[in-house]
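These notes concern the structure reproduced below.
The values are calculated or read from the model by the stated rules, or taken from the named source; none is laboratory data. Model, not experiment: these values are computed from the prediction. Methodologically, a virtual Cβ is constructed for each residue, glycine included, from the backbone with ideal geometry; neighbour enumeration extends over all protein chains shown.
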Amino acid sequence: MKDQGLHSYVHMIEFFMKRMFLIGLSVLLFGSILLMLRSGREINGDLRIAGGSFIEDIRILQKKEGVTVWNLTASRADFVEGEDKAELSNISLLLPKNEVVLYADKGVYNFSDKSFTTDRAIKAEAKDYKITADSVDFEISSGDIKTGGRIQVEGKGFTVEGKGMKADAEQNVKIFNDVKATFHK
């Protein structure tokens, strides 16, 4: 009889321990959820990044009506404190519509006006031509590209060089000064 009472007592303790464990686990999970939700509410959408902040292997993708307009990748983006800019390294900018890829060692992407600028040499490659320039300003939203510096365009059977260029999204290109064209057979 004592053995049966002891056995009931052990079952009651096991039941109580299981119940306390489940209650404790529930409280812990509920507390974690509340903490995550509370932390999420504290972010007001104004993301400020302190000096010295950077992201490695960044990709910025712009789509319009589900179609990729441009795709910018960089090995590193250093953020300028108090500004909507990122200083990029080892940059590749793909424009799928025109089948053009632009390469640059360094440049600055401005998030507010969606523009890319570099004062370093760039290379751009497309199916039928290559472009090299000593700098470029690219207004990504409109597709306008311009440079005040030296530029060279090499295509199948021709080379065009000059100073200062403007190109639009429809691939209308104007070279302003010191234009020299060479045609190859």
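Checking each residue in the stretch 56-104 for being aliphatic (A, V, I, L, M), farther than 17 Å from residue 118 by Cβ and surrounded by 15 or more Cβ atoms within 10 Å (Cβ to Cβ) picks out only 69. Scanning the stretch 164-181 for residues that are among the polar types (S, T, N, Q) and either modelled with pLDDT under 90 or outside the structural domain of residue 101 (by TED's automatic domain parsing) (or both) returns 171, 172.
Give the residue, chosen from 182, 147, that is more than 16 Å from the chain's Cα centre (by Cα), farther than 30 Å from residue 54 by Cβ and of a type outside the set (D, E, K, R).
Details: 147 fails: farther than 30 Å from residue 54 by Cβ.
When all the criteria are applied, what remains is 182.
For the stretch 81-109, the set of residues classified as among the small types (Gly, Ala, Ser) and at pLDDT 85 or above consists of 86, 89, 92, 104, 107, listed by residue number. Residues that are loosely packed, with under 13 Cβ neighbours inside 10 Å, out of contact with any strand residue (DSSP E or B) (no Cβ under 6 Å at 6 or more places or on another chain) and charged (D, E, K, R) within the stretch 111-129 comprise 113, 127, listed in sequence order.
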